[in-house]
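The values are calculated or read from the model by the stated rules, or taken from the named source; none is laboratory data. The structure displayed is predicted, hence computed values, not measured ones. Here the Cβ positions follow ideal geometry from the backbone for every residue, glycine too, while neighbour counts run over all protein chains shown.
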């Protein structure tokens with residue numbers, strides 16, 4: 001790959017761009033530079049693998065809104081709901097191991113979950129957002145969100161808000177607490193720990209659910225505009241956004257030590273695009289890369305089987321939902337030309353997906369929270385990726 005070291009002017013700033021890029025994918029570099037030139041990002045990274053090999057690994061901009069610290073090769077950032085796909089992968093590996101059953105009641109591994117009419121609620125409905133537990137009916141104090149065990153216990157005691165298996169309700173944070181407790185019961189370790197053993201360490205991924213304190217110095221600072229801040233969500237406590245985030249600290253800005261170090265497997269995975277592209281690249285190649293198998297082809301097929309194509313009733317998105325991942329669902333979750341592509345976007349603009357038809361692993365990470373989800377600028381990068389394929 002060609003080494004990249006350049007800069008682009010935007011406003012009062014010279015924005016550094018660095019990394020490497022296969023000459024076949026120079027349009028990705030052009031689109032990446034164009035996004036910065038238009039003033040659309042503070043700092044970001046994009047990475048692509050094809051047939052298990054890196055073909056794009058670019059980073060640029062700054063780690064903070066003041067634009068004083070350049071984004072580095074090993075800068076990491078919160079990638080939000082990209083971690084839902086990670087939690088799904090971990091769950092399906094445990095199904096392969098015979099420790100979980102998608103059709104069996106969750107109460108089989110978590111007896112307390114049987115309370116309030118949930119005795120027969122199966123695991124598969126947590127993975128496809130039809131468990132009827134999108135947020136806590138009875139709010140817990142601010143700060144409880146960082147205590148996964150407390151959140152899981154509250155969900156275990158709660159009755160479903162609608163009949164399980166009917167309309168999907170996007171479980172923004174609660175999916176992570178539910179899967180986290182299910183994995184802990186089945187595997188004997190936390191989901192973050194299981195991910196490291198099964199995927200992170202074998203593939204050498206700088207991606208974490210529950211960020212170690214020694215990695216804090218590598219974190220880019222997340223920036224949210226006032227109109228999309230959590231403070232606004234807290235001011236509308238009865239709206240879906242207010243209910244989803246209610247148990248976070250009242251001053252949370254997605255940069256606190258508590259947010260970074262907690263295990264919230266549906267929302268707070270931290271890492272860089274290179275790690276997620278490599279992970280999805282392995283899945284795009286059938287579950288193995290560099291002679292390291294992290295997932296069986298059977299598990300991938302099960303995880304990527306469509307469960308429903310319904311409009312989510314809380315935030316109104318219509319998408320192809322598989323079992324723990326989303327299938328290619330333009331415009332909400334665009335993943336190139338293949339309808340078999342799958343992955344997960346994160347709030348604000350991060351994304352990761354696998355395209356088994358082109359053997360592509362793709363990821364984008366940034367530290368500016370985009371109110372529109374970052375779809376247009378991300379689409380430019382994705383289209384550029386496929387321009388020569």
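General observations
- Of the listed requirements (1) more than 15 Å from residue 83 (Cα to Cα); (2) at pLDDT below 95; (3) buried (at least 24 other Cβ atoms within 10 Å of the Cβ), residue 316 misses just one: (3).
- Note on region 1-19: residues that are surrounded by 16 or more Cβ atoms within 10 Å (Cβ to Cβ) and either more than 20 Å from residue 368 (Cβ to Cβ) or out of contact with any helix residue (DSSP H, G or I) (no Cβ under 7 Å at 6 or more places or on another chain) (or both) total 4.
- For the condition surrounded by fewer than 21 Cβ atoms within 10 Å (Cβ to Cβ) and in a strand (DSSP E or B), residue 55 does not qualify.
- Residues satisfying the stated conditions in region 329-369, i.e. without any contact (Cβ under 8 Å) to a residue 24 or more places away in the chain and either surrounded by fewer than 22 Cβ atoms within 10 Å (Cβ to Cβ) or closer than 23 Å to residue 218 by Cα (or both): 329, 330, 338, 339, 357
- Yes/no for residue 27 being surrounded by 15 or more Cβ atoms within 10 Å (Cβ to Cβ) and in a loop (DSSP other than H, G, I, E, B): no
- Residues (surrounded by 23 or more Cβ atoms within 10 Å (Cβ to Cβ) and part of a helix (DSSP H, G or I)) located in region 113-124: 113
- When residues of region 89-112 are limited to those that are in contact (Cβ under 8 Å) with a residue 40 or more places away in the chain and in contact with a strand residue (DSSP E or B) (Cβ under 8 Å, 6 or more places away or on another chain), the one surrounded by the fewest Cβ atoms within 10 Å (Cβ to Cβ): 102
- For region 30-52, a residue qualifies if it is surrounded by fewer than 20 Cβ atoms within 10 Å (Cβ to Cβ) and either in a strand (DSSP E or B) or under 22 Å from the mean Cα position of the chain (by Cα) (or both), and the qualifying residues are 40, 52.
- Test: residue in region 260-267 that is outside any loop (DSSP other than H, G, I, E, B), surrounded by fewer than 23 Cβ atoms within 10 Å (Cβ to Cβ), in contact (Cβ under 8 Å) with a residue 24 or more places away in the chain and touching a strand residue (DSSP E or B) at 6+ places or on another chain (Cβ under 7 Å): yes
- Condition check for residue 215: closer than 30 Å to residue 67 by Cβ and surrounded by 15 or more Cβ atoms within 10 Å (Cβ to Cβ): yes
- Residue within region 241-251 that is modelled with pLDDT of 95 or more, in contact with a helix residue (DSSP H, G or I) (Cβ under 7 Å, 6 or more places away or on another chain) and assigned to a helix (DSSP H, G or I) present: no
- Any hit, region 199-206, residues being part of a helix (DSSP H, G or I), surrounded by fewer than 17 Cβ atoms within 10 Å (Cβ to Cβ) and within 19 Å of the chain's Cα centre (by Cα): yes
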